[in-house]
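Peer 1: Got a structure for you, questions after.
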Amino acid sequence: MSFHDAVKIALLLGSDTVVLQHRDKDAPTNPGMYTFFGGGIENGEDGRTAAARELREETSLVFDDDALRPIAAYPREGGGTMSVFTLLLPSDDFEVYEGVGKFAMNLQDVLMSPFVTAGTKIAARHIVETRKDTIDVSAN
């Protein structure tokens with residue numbers, strides 16, 4: 001299996017709730033699980049450009065690319081880099097074009113849920129760390 005650079009985008013509703021994609025049961029990776037939106041960085045793209053493209057491919061969201069806030073970049077297991085971005089949403093009123101839909105969840109619950117992918121949990125930890133001034137982290 002080949003690993004490459006990729007992006008994850010956490011869609012924030014307020015300070016501590018995120019909207020996750022629910023992958024369908026036939027997905028090639030992590031079937032039936034909940035994950036942040038995202039995917040691979042294509043040749044010639046930087047992280048923000050890839051994050052914007054992925055969100056436009058996977059959702060009906062309309063946004064300014066500059067609204068994507070970089071949170072972290074870290075090595076992926078097996079190679080490549082994962083870049084994490086957040087996008088603050090006014091509501092969860094948008095369509096999801098991949099998987100079986102969307103699901104809003106508290107960031108603390110993301111870290112604890114057996115139905116959230118390991119990669120999403122790693123990204124969520126970075127988000128919690130960078131937003132600890134606005135998120136109740138007493139449960140950690």
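The values are calculated or read from the model by the stated rules, or taken from the named source; none is laboratory data. Small disclaimer: the values here were computed from a predicted structure and weren't measured. Keep in mind that these areas ignore ligands, DNA and RNA; they rest on the heavy atoms of the full protein, side chains included. Shrake-Rupley method; radii C 1.70, N 1.55, O 1.52, S 1.80 Å.
Peer 1: Non-local amide H neighbours of residue 88 (under 5 Å, H modeled in plane, Pro and chain starts lacking H): which ones?
Peer 2: Under 5 Å from the amide H of residue 88: 12.
Peer 1: So what is the relative contact order for the chain, in percent, with contacts set as C-alpha pairs under 8 Å and at least six apart?
Peer 2: 33 percent
Peer 1: Something else now. Run through all the Cα pairs of segment 1-68 and give the fraction in each 10 Å bin from 0, expressed as whole percent.
Peer 2: Computed distribution, short to long bins: 19, 48, 30, 3.
Peer 1: For segment 73-82, what does the Karplus curve 6.51 cos²θ - 1.76 cosθ + 1.60, with θ = phi - 60°, yield as ³J(HN,Hα) per residue in whole Hz, taken in order and with x for Gly and Pro?
Peer 2: Calculated HN-Hα couplings, in order: 9, 8, x, 7, 4, x, x, x, 10, 9 Hz.
Peer 1: Would you work out if the chain is rounded, prolate or oblate? Take a ≥ b ≥ c from the square roots of the eigenvalues of the alpha-carbon gyration tensor; rounded if a/c is under 1.5, else prolate when a/b is larger than b/c, oblate otherwise.
Peer 2: rounded
Peer 1: Using θ = phi - 60° and the Karplus curve 6.51 cos²θ - 1.76 cosθ + 1.60, what whole-Hz ³J(HN,Hα) does each residue of segment 29-35 get, with Gly and Pro shown as x?
Peer 2: Here the 3J(HN,Hα) series is 10, 6, x, x, 8, 9, 8 Hz.
Peer 1: Quick one: length gained pulling residue 4 to residue 121 fully straight, 0.36 nm per residue minus the C-alpha distance?
Peer 2: Gain in length upon complete extension: 40.2 nm.
Peer 1: Another question about this same structure. For segment 11-140, report the accessible area per residue in Å² (1.4 Å probe, heavy atoms, rounded to an integer).
Peer 2: Using a 1.4 Å probe on heavy atoms only, each residue of segment 11-140 averages 53 Å².
Peer 1: In segment 36-124, what percent of the accessible surface is made up of carbon and sulfur (1.4 Å probe, ligands and nucleic acids excluded)?
Peer 2: C and S fraction of accessible area: 51 percent.
Peer 1: On to the next question. Which of the aspartates and glutamates could a cross-linker bridge to residue 121, judged by Cα under 15 Å and excluding same-chain residues fewer than eight apart?
Peer 2: By straight Cα distance, residue 121 reaches 16, 77, 109, 129.
Peer 1: Check which residues have an amide H placed less than 5 Å from residue 8's amide H, if you skip close sequence neighbours.
Peer 2: Amide H neighbours of residue 8: 83, 84, 85.
Peer 1: Which ³J(HN,Hα) values, rounded to whole Hz and listed in residue order, are derived for segment 14-21 from phi using the Karplus coefficients 6.51, -1.76 and 1.60 in 6.51 cos²θ - 1.76 cosθ + 1.60 with θ = phi - 60°, glycine and proline given as x?
Peer 2: x, 8, 9, 10, 10, 9, 10, 8
Peer 1: Residue 56 to residue 27: extension gain in nm, 0.36 nm per residue of separation minus the Cα-Cα distance?
Peer 2: Extending this stretch completely gives an extra 8.5 nm.
Peer 1: Can you give me the C-alpha center-to-center distance between segment 82-118 and segment 1-78, rounded to a whole angstrom?
Peer 2: That distance is 10 Å.
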